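One structure is given here, and the rest of the page talks about it.
The values are calculated or read from the model by the stated rules, or taken from the named source; none is laboratory data. Predicted model only: the values in this text are computed from it and were never measured. Neighbour counts are summed over all protein chains in view; Cβ atoms, including those assigned to glycine, are modelled from backbone coordinates with ideal geometry.
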Amino acid sequence: MASSRLARRYAKALIEMARQHDTVENITADVRELLSNISASRELKLLFQSPVIKPELKKKVIGQIYRGKLNDLTLLFMEVVIEKRREHWIADMLNAYVVLYNELKGIVPVNVITATEMNEEIEKEFRAMMQKDFGIDNMEMSKEVNRDIIGGFILQFEDKRYDASVKNTLDRIRKDLHNQVNIKMS
């Protein structure tokens with residue numbers, strides 16, 4: 001819990017600096033790139049996690065990798081995080097930034113889980129359904145494939161989860177049948 005408060009505090013500082021310098025969109029692009037890189041690179045994760053590597057070396061490596069590619073404000077933020085020995089939580093901070101950015105822009109993150117890849121037509125249908133049924137116009141949709149759900153979809157947004165998967169339907173039927181058999185056996 002303390003780490004989430006810490007992450008949010010740093011994220012809030014970054015988004016406020018970005019707003020003051022009118023670079024919110026640029027910083028957001030940097031944050032998304034950093035999150036993608038951290039997720040994809042074991043070496044980058046280890047760099048941030050290692051207590052053995054000195055902060056000066058970490059700042060030098062980050063500078064060599066990102067100087068000229070990221071906004072100076074983003075690089076300054078990374079340096080401050082490293083100086084304060086908080087780099088262990090950098091991914092949490094960047095994710096908290098994305099949440100704050102979404103709140104600022106009124107964007108609702110929506111996760112759609114399907115059994116197969118969604119094409120553009122189906123994605124448009126989901127967007128139209130979200131607008132019509134839930135009044136959500138501005139969304140950031142992430143798509144996930146999970147073959148275990150067999151068919152249908154699972155929709156997650158805000159604190160809601162709608163499971164319209166074939167697996168869920170079959171599980172409910174199985175449970176109902178089991179309950180009916182148990183009642184008749186009694």
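For segment 70-105, which positions are assigned to a loop (DSSP other than H, G, I, E, B) and either in the same structural domain as Ile149 (by TED's automatic domain parsing) or free of Cβ contacts under 8 Å to residues at least 24 places away in the same chain (or both)?
Result: Lys84, single match.
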| task | Out of the residues in segment 132-186 that are acidic (Asp, Glu), within 25 Å of the chain's Cα centre (by Cα) and in a helix (DSSP H, G or I), state the one that is nearest to Glu120 (Cα to Cα). | result | Asp133
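Would you point out which residue out of Glu117, Glu79 is surrounded by fewer than 17 Cβ atoms within 10 Å (Cβ to Cβ) and under 26 Å from Glu140 (Cβ atoms)?
Residue meeting the stated conditions: Glu117.
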| message | Given the criteria touching a helix residue (DSSP H, G or I) at 6+ places or on another chain (Cβ under 8 Å) and touching a residue at least 24 places away in the same chain (Cβ under 8 Å), does Leu44 qualify? | response | no
| said: Return the residues of segment 146-186 that are among the aromatic types (Phe, Trp, Tyr) and touching a residue at least 24 places away in the same chain (Cβ under 8 Å); say none if nothing qualifies. | reply: Phe153, Phe157
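Would you mind stating whether Leu14 is over 20 Å from the mean Cα position of the chain (by Cα) and either free of Cβ contacts under 8 Å to residues at least 12 places away in the same chain or in a helix (DSSP H, G or I) (or both)?
For Leu14, the condition - over 20 Å from the mean Cα position of the chain (by Cα) and either free of Cβ contacts under 8 Å to residues at least 12 places away in the same chain or in a helix (DSSP H, G or I) (or both) - is not met.
Table: residues versus (1) surrounded by 10 or more Cβ atoms within 10 Å (Cβ to Cβ); (2) assigned by TED's automatic domain parsing to the domain that holds Ala115; (3) within 30 Å of Tyr101 (Cα to Cα).
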{"residue": "Ile149", "(1), (2), (3)": "yes, yes, no"}
{"residue": "Leu155", "(1), (2), (3)": "yes, yes, yes"}
{"residue": "Lys160", "(1), (2), (3)": "no, yes, yes"}
{"residue": "Thr169", "(1), (2), (3)": "yes, yes, no"}
{"residue": "Arg172", "(1), (2), (3)": "yes, yes, no"}
| query | Among the residues of segment 124-145, which ones are of a type in the set (A, V, I, L, M) and either in contact with a Leu (Cβ under 8 Å, 6 or more places away or on another chain) or in contact (Cβ under 8 Å) with a residue 24 or more places away in the chain (or both)? | reply | Met130, Ile136, Met139, Met141, Val145
| task | Starting from residues that are assigned to a helix (DSSP H, G or I) and over 21 Å from the mean Cα position of the chain (by Cα), keep the ones in segment 17-29 and report whichever is surrounded by the most Cβ atoms within 10 Å (Cβ to Cβ). | result | Met17
| query | Among the residues of segment 49-61, is there at least one that is in the same structural domain as Asn95 (by TED's automatic domain parsing), within 21 Å of Val98 (Cβ to Cβ) and at pLDDT below 95? | reply | yes
